[in-house]
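The values are calculated or read from the model by the stated rules, or taken from the named source; none is laboratory data. These numbers come from a predicted model, not from an experiment. Here the Cβ is made from the backbone with ideal geometry for all residues, glycine too, and neighbour counts use every protein chain on show. Remember, those area values only see protein heavy atoms, side chains included, never the ligands or the DNA or RNA. Shrake-Rupley method; radii C 1.70, N 1.55, O 1.52, S 1.80 Å.
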Amino acid sequence: QTVVKLGNAIFKSFSDDDHIDKIKETFIGLISENSSTSLIRFQVLVERDIEEGRIVEARIRDENVLFQVMEGLTKEDIIRDKNRFGYCIAKAKKLGAWDTSKRKFKKVAWTPEMNSPVFLTEENVPEPEADTIGHFPRSEYTVQIKDLDQLITHNTAILGILGIGKSMLSIELVERMI
């Protein structure tokens, strides 16, 4: 059994050295207060490649659950006698647990425990596939359409901010249908 200390976090009960090395390389913070079933907040303890859009991972019960970082917020607390402590809190929206066989996220209906660790996911670029229309930034997690024919027979909306590629996606989908 090994005990690992990263920042203010202590991890116990690890016996696999490769697992410990992965934890050291990907640990970024701890779940903080005001997290909910759909949105987590975590204190960033180790500045790595974290940025808006990145996928992070935390455990809920015995399952690895993925979240997408939405924003970071700097905070400052007065500790004692006007001494101040500055830190960063990140907010991330729950995506779910990745089901490799179905290639989609499955719902996990709870939230991580307070002070449980948060990790950056491994950076990957997925291989393009016929049913894939995109992927989450710097990750292997793809977005796909189950049935292109349903885009014609059912109501479909493509929403996004200015310049994100809505027109290009529409053209791509029409070309695939043809």
Here is a list of conditions, (1) open to solvent by 40 Å² or more (accessible area, probe 1.4 Å); (2) closer than 13 Å to Leu120 by Cα; (3) modelled with pLDDT of 75 or more, and Glu71 meets all of them except one; can you say which number that is? (2)
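In the range 68-89, how many residues are under 21 Å from Arg138 (Cβ atoms) and in contact (Cβ under 8 Å) with a residue 40 or more places away in the chain? Spell out how you get there, then give the answer.
To start, the set of residues in the range 68-89 that are under 21 Å from Arg138 (Cβ atoms) comprises 68-72, 88.
Next cut, in contact (Cβ under 8 Å) with a residue 40 or more places away in the chain only: 68, 88.
Total satisfying the criteria: 2.
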What tally of residues in the range 6-28 results from selecting those that are assigned to a strand (DSSP E or B), open to solvent by less than 80 Å² (accessible area, probe 1.4 Å) and either within 16 Å of Lys93 (Cβ to Cβ) or at pLDDT below 75 (or both)? 4
Exactly one of these conditions fails for Thr121: (1) open to solvent by 90 Å² or more (accessible area, probe 1.4 Å); (2) under 21 Å from Lys22 (Cβ atoms); (3) not aliphatic (A, V, I, L, M). Give me its number. (1)
Can you pull out every residue in the range 134-178 that is of a type in the set (Val, Ile, Thr) and open to solvent by 70 Å² or more (accessible area, probe 1.4 Å)? Ile152, Thr153, Thr156, Ile161, Ile164, Ile171, Val174, Ile178
Close pairs (8 angstrom Cβ cut-off, 6 or more residues apart or separate chains): over 17 Å from Glu76 (Cβ atoms) in the range 38-52, open to solvent by 50 Å² or more (accessible area, probe 1.4 Å) and of a type in the set (A, V, I, L, M, F, W, C) anywhere: Leu39/Met70; Glu52/Met70
